[in-house]
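See structure below.
The values are calculated or read from the model by the stated rules, or taken from the named source; none is laboratory data. Because the structure is predicted, anything quoted here is derived from the model rather than measured. Here Cβ is always computed from backbone atoms with ideal geometry, including for glycine, and neighbour counts include all displayed protein chains.
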Amino acid sequence: MFKKNIPSEVVYVIKKLKNCGYEAYLVGGSILNIMLNINPKDWDITTSAKPEEVMSLFPKVIPSGLNYGTVTVVEGKIPIEVTTYRAESRYIGHHPQIVKFGVSLEEDLKRRDFTVNAIAYDPVNDKLVANSKVISDLSEGILPIETVGIPEDRFKEDPLRMLRAFYLMVKADMADFECKLTDAVSKTIEKHHQLIAVIAKERIREELNKIILGPRPNKYLELMYRLKILNDILPELSKTRGVEQGSFHKKDVFGHTLDVIFHVKPEISLRWTALLHDLGKVNTKTIIDNQIHFYGHAKESTLIGNTILSRLKFSKKLKDKILLLVKNHMFQIPQTKQTTRHFITKIGKDNILDLLELRRADIIASRFTDTSKIEEFKKLVTSILMEKPPFTIKDLKVNGYDVMKTLDIKPGKQVGKVLKYLFELVLNDPQLNEREKLLSYLKSMDITKLK
């Protein structure tokens with residue numbers, strides 16, 4: 001049935017386990033992804049074999065979660081998580097405190113979160129084990145979002161499962177399936193949304209990333225707001241609901257933000273920049289002569305964004321990029337090629353096109369949707385980038401050693417000042433960036449006049 005979509009390495013591990021007298025099935029999200037025509041990124045096998053028995057069968061095994069019956073078999077270049085059938089009870093955090101091995105496959109599937117993940121498949125015998133209603137729904141292009149057992153029990157075991165319900169909506173959209181969220185699940189999320197507060201911020205970040213990268217992040221975030229869980233993880237975004245913006249916008253700050261997230265390219269830095277870019281409007285709104293203004297909101301959004309990204313423990317590199325884009329999202333379009341080169345240098349050649357993409361989405365999400373000016377500016381920026389002029393001091397055809405040797409000066413701040421001065425020259429006239437020209441210029445310099 002699905003064997004053609006499963007890597008031979010995964011089939012080999014299952015076959016070897018079975019040949020040694022054990023049961024073994026591919027299980028969970030990978031099978032669901034195959035049924036949705038989504039390429040699986042992870043492979044999970046459930047088996048009757050104990051961890052030590054699995055480790056004895058394969059040459060390369062990582063004891064990744066022995067306490068929970070899990071080891072990672074590396075076959076070829078594919079890491080495959082192999083977990084012993086188990087039953088669980090008494091959770092603290094998201095880890096079960098009591099784990100019982102030696103149970104049946106059916107008992108093992110009962111501990112899963114959602115019915116669409118409680119699916120097992122034996123590719124050797126082409127045998128599928130799943131709830132018949134789930135299979136019926138999936139065959140009709142419907143992805144049901146219902147828990148295995150009582151929703152309250154599943155979410156109390158691991159509250160992050162509430163966010164995973166929204167990620168299942170992402171999967172449904174990716175597959176162009178109809179999503180059917182049961183009333184029991186939605187009502188339980190609304191009732192117990194505050195449980196998410198106990199979850200490690202890194203885990204919340206990873207689920208949020210998957211959600212906002214989906215085809216319709218505006219839909220998921222809107223539903224998260226209605227079910228109250230958004231306020232537990234992104235209260236700063238929830239506060240923008242009802243903040244009106246005046247004649248330049250069709251919607252309040254919340255609605256506008258969701259529209260920008262939807263229209264911007266599905267890249268993690270851009271989606272987060274879109275989410276954060278107007279959060280400062282809550283604190284900067286003023287009304288002058290019956291006109292609404294948000295003076296300084298980009299700076300305020302940057303401060304709020306830093307708080308959020310730090311709270312969610314983003315890497316410094318990604319956080320710095322997002323905050324740079326947020327801070328500069330209200331830029332004025334430069335009018336000349338020379339000022340455009342300076343602007344690219346300020347933003348960074350690796351960031352400039354992302355900033356223009358954000359502005360494009362911001363315009364589309366406003367009342368006036370004409371993007372012609374930003375598209376024309378993008379053409380100019382692209383042509384300059386293709387010319388490969390110097391954008392940083394490192395791009396100069398001379399370096400600090402050349403400066404010290406030519407001017408007979410020692411290492412220190414003066415060397416940096418000279419390089420900065422030369423960079424300003426070539427930024428205004430890129431043709432000056434030739435080694436002999438710069439060395440000749442150095443010889444005639446009076447460095448005492450440098451500030």
All positions within the range 138-148 that are exposed (fewer than 15 other Cβ atoms within 10 Å of the Cβ) and outside any helix (DSSP H, G or I): Glu140, Gly141, Ile142
Checking Lys319 against (1) within 19 Å of the chain's Cα centre (by Cα); (2) closer than 26 Å to Met386 by Cα; (3) buried (at least 18 other Cβ atoms within 10 Å of the Cβ), the condition it does not meet: (2)
Matching residues in the range 1-16 - criterion: being without any contact (Cβ under 8 Å) to a residue 60 or more places away in the chain and either in contact with a Pro (Cβ under 6 Å, 6 or more places away or on another chain) or surrounded by 15 or more Cβ atoms within 10 Å (Cβ to Cβ) (or both): Asn5, Lys16
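Rundown of residues vs (1) at pLDDT below 95; (2) within 30 Å of Cys179 (Cα to Cα); (3) buried (at least 16 other Cβ atoms within 10 Å of the Cβ); (4) not assigned by TED's automatic domain parsing to the domain that holds Leu195, yes/no style:
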{"site": "Asn19", "(1), (2), (3), (4)": "no, no, no, yes"}
{"site": "Ser30", "(1), (2), (3), (4)": "yes, yes, yes, yes"}
{"site": "Gly93", "(1), (2), (3), (4)": "yes, yes, no, yes"}
{"site": "Glu106", "(1), (2), (3), (4)": "yes, yes, no, yes"}
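When you look at Leu57, is it of a type in the set (A, V, I, L, M), touching a strand residue (DSSP E or B) at 6+ places or on another chain (Cβ under 7 Å), modelled with pLDDT of 95 or more and not assigned by TED's automatic domain parsing to the domain that holds Glu157, yes or no?
Judged against the criteria, Leu57 is not a match.
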Members of the range 169-185 that are among the small types (Gly, Ala, Ser) and assigned to a helix (DSSP H, G or I): Ala172, Ala184
Identity of the residue in the range 55-78, surrounded by 13 or more Cβ atoms within 10 Å (Cβ to Cβ) and small (Gly, Ala, Ser), that ends up farthest from Tyr12 (Cα to Cα): Gly65
Sole residue being touching a residue at least 12 places away in the same chain (Cβ under 8 Å) and surrounded by 15 or more Cβ atoms within 10 Å (Cβ to Cβ), chosen from Glu267, Glu207: Glu207
Any hit, the range 386-409, residues being in contact (Cβ under 8 Å) with a residue 12 or more places away in the chain, touching a His at 6+ places or on another chain (Cβ under 8 Å) and among the small types (Gly, Ala, Ser): no
Selected residue [of a type in the set (Lys, Arg) and either closer than 20 Å to Gly305 by Cβ or without any contact (Cβ under 8 Å) to a residue 12 or more places away in the chain (or both)] from Lys327, Lys349: Lys327
Failed condition for Lys251, given (1) among the basic types (Lys, Arg); (2) in a helix (DSSP H, G or I); (3) under 26 Å from Glu375 (Cβ atoms); (4) more than 21 Å from the chain's Cα centre (by Cα): (2)
Every residue from the range 110-127 that is part of a strand (DSSP E or B) and either in contact with a Gly (Cβ under 9 Å, 6 or more places away or on another chain) or in the same structural domain as Cys179 (by TED's automatic domain parsing) (or both): Ala120
Test: residue in the range 346-368 that is of a type in the set (S, T, N, Q), out of contact with any strand residue (DSSP E or B) (no Cβ under 7 Å at 6 or more places or on another chain) and more than 16 Å from Val264 (Cβ to Cβ): no
Residues (in a helix (DSSP H, G or I) and touching an Asp or Glu at 6+ places or on another chain (Cβ under 9 Å)) located in the range 186-203: Thr188, Lys191, His192, His193, Gln194, Leu195, Ile196, Ala197
All helices (runs of 4 or more DSSP H) inside the range 1-70 with 2 or more residues being within 31 Å of the chain's Cα centre (by Cα) and closer than 21 Å to Lys110 by Cα: 29-35
Whichever residue in the range 349-364 is outside any loop (DSSP other than H, G, I, E, B) and in contact with a Leu (Cβ under 7 Å, 6 or more places away or on another chain) and, among such residues, is nearest to Leu276 (Cα to Cα): Leu358
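Could you grab me the full set of residues in the range 368-395 that are in a helix (DSSP H, G or I), of a type in the set (Ser, Thr, Tyr) and loosely packed, with under 12 Cβ neighbours inside 10 Å?
If the condition is that a residue be in a helix (DSSP H, G or I), of a type in the set (Ser, Thr, Tyr) and loosely packed, with under 12 Cβ neighbours inside 10 Å, then Ser372, Ser383 are the ones that fit.
Rundown of residues vs (1) assigned by TED's automatic domain parsing to the domain that holds Ile322; (2) closer than 20 Å to Gly28 by Cβ; (3) under 15 Å from the mean Cα position of the chain (by Cα), yes/no style:
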position	(1), (2), (3)
Met169	no, yes, no
Phe177	no, yes, no
Ile189	no, no, no
Tyr225	no, no, no
His263	yes, no, no
Failed item, numbered, when Lys417 is tested on (1) modelled with pLDDT of 90 or more; (2) of a type outside the set (A, V, I, L, M, F, W, C); (3) surrounded by 15 or more Cβ atoms within 10 Å (Cβ to Cβ): (3)
Single condition Asn399 does not satisfy, out of (1) at pLDDT 90 or above; (2) surrounded by fewer than 16 Cβ atoms within 10 Å (Cβ to Cβ); (3) closer than 30 Å to Leu276 by Cα; (4) of a type in the set (S, T, N, Q): (3)
